[in-house]
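These notes concern the structure reproduced below.
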Amino acid sequence: MKLLATTLLLTAALATACNRNQPETVDAPAVPPTIPGPDLMQLSDSGGVAEREILAYGQQYPATEVIMHTRLGDMRIKLYDDTPLHKANFLLLSRKGVFDETVFHRVVKGFAIQGGNSNFRTIRMREYHLKPEIRPAHFHKYGALAMARYDGAQNPGKLSSNNDFYIVQGQKMTAAQAKASAARPLTPEQVKVYTTVGGTPGLDGEYTVFGEVIEGFDVIDKIANEPLDPYNWPKKDVKIKMEVVEPKK
């Protein structure tokens, strides 16, 4: 797997000489602001700690939109209220700066662009998983935001990753193709969307969709069109900078 390059910031210790006649004053180093929310190193699957802490955080610090900044443009994303665990977790990691240390690391044109994971994250956090919040009304249309997961017999409960997300590009198809490839029954409206807008119905019911792009659809296509290495990783990194649209007080 290709590794992300990081820059290590080295600080040198400075020694100041004492001078009785001309005392020097040294400004105290700026203390970074404390970001509210649970300690990421304390979250775990054990005893449902992560779920309780994250849901409580979502209630205390709500928001409904984020802006994902990239060198190819910005995507404005709406998060769904009826997927509270995934929504609150995404807001927590966005505010904590976790996604700012990641890139889009897997791109499959006509399918999806995937990001949120990193091998060189400086922000320390434990691995934990999210219980599925798969809703019939949310499906893998063009622009859908969903959480990845590990597959197979190891994960019969369809637990989501805590940080690895993807955004659907997909493609338009006929009604028959949409119904045939769907992993669950589609409503007439969903079939219409797959035929006019596009998406990946084969993922419906298997992964939690918890938001959707509402502005910046062209950015999805630009990322999907980036030159890739043999591992589906853009040859030129598409870095992520996440901004939470804080509700007006």
- With x for Gly and Pro, the residue-by-residue ³J(HN,Hα) of region 167-179, computed from phi through the Karplus equation 6.51 cos²θ - 1.76 cosθ + 1.60 at θ = phi - 60° and given in whole Hz, is 10, 6, 9, x, 7, 6, 8, 6, 4, 5, 5, 4, 5
- Task: Give the residue from Y80, Q169, H105 lying farthest towards the positive end of the charge dipole for region 48-245; charges sit on Cβ (+1 for Lys and Arg, -1 for Asp and Glu) and the dipole is referred to the Cα centre.
- Result: H105
- Query: Once you charge only the Cβ atoms, +1 for Lys and Arg and -1 for Asp and Glu, what is the size of the charge dipole of region 93-170 about its Cα centre, to the nearest 20 debye?
  - Reply: 120
- Return the label of the correct value of Kirkwood radius over Cα pairs in Å, as calculated from the structure shown, out of [x] 19.0; [y] 18.4; [z] 19.8. [z]
- Item | Size of electric dipole in region 150-242: Cβ of Lys, Arg +1 and of Asp, Glu -1, about Cα centre, debye, nearest 20 | 100
- Query: Taking +1 at the Cβ of each Lys and Arg and -1 at the Cβ of each Asp and Glu, which of S94, M68, P36 sits farthest along the dipole of the chain towards its positive end, judged by Cα position relative to the Cα centre?
  - Reply: M68
- Query: So how do T122, T200, T34, T64 line up by other beta-carbon neighbours within 10 Å, fewest first?
  - Reply: T34, T122, T64, T200
- Under a 10 Å cutoff between Cα atoms, tell me which one of Q154, Q114, Q59 has the largest fluctuation in the Gaussian network model of the chain. Q154
- Note on the structure: Scoring region 48-245 by relative contact order with C-alpha pairs under 8 Å, at least six apart, yields a percentage of 32
- Query: So what is the 222 nm mean residue ellipticity for the chain from helices alone, if each DSSP H run of at least 4 adds -39500 (n - 2.57) and you divide by all residues, rounding to the nearest 500 deg cm²/dmol?
  - Reply: -5500 deg cm²/dmol
- Search the structure for amide H atoms under 5 Å from the amide H of E215, placed 1.01 Å from N in the peptide plane, and list their residues when 5 or more places away or on another chain. R76
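About the Cα centre of the chain, how large is the charge dipole given +1 on each Lys and Arg Cβ and -1 on each Asp and Glu Cβ? Please answer in debye to the nearest 20.
About 320 debye.
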- Item | Rounded to 10°, Cα long-axis angle of helix 84-96 versus longest principal axis of the chain | 30
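Values quoted throughout were computed directly from the atomic coordinates according to the rules given, and no laboratory measurement underlies them. The structure displayed is predicted, hence computed values, not measured ones. A quick note on method: Cβ atoms are made from the backbone with ideal geometry, for glycine too, and the neighbour counts reach across all protein chains shown.
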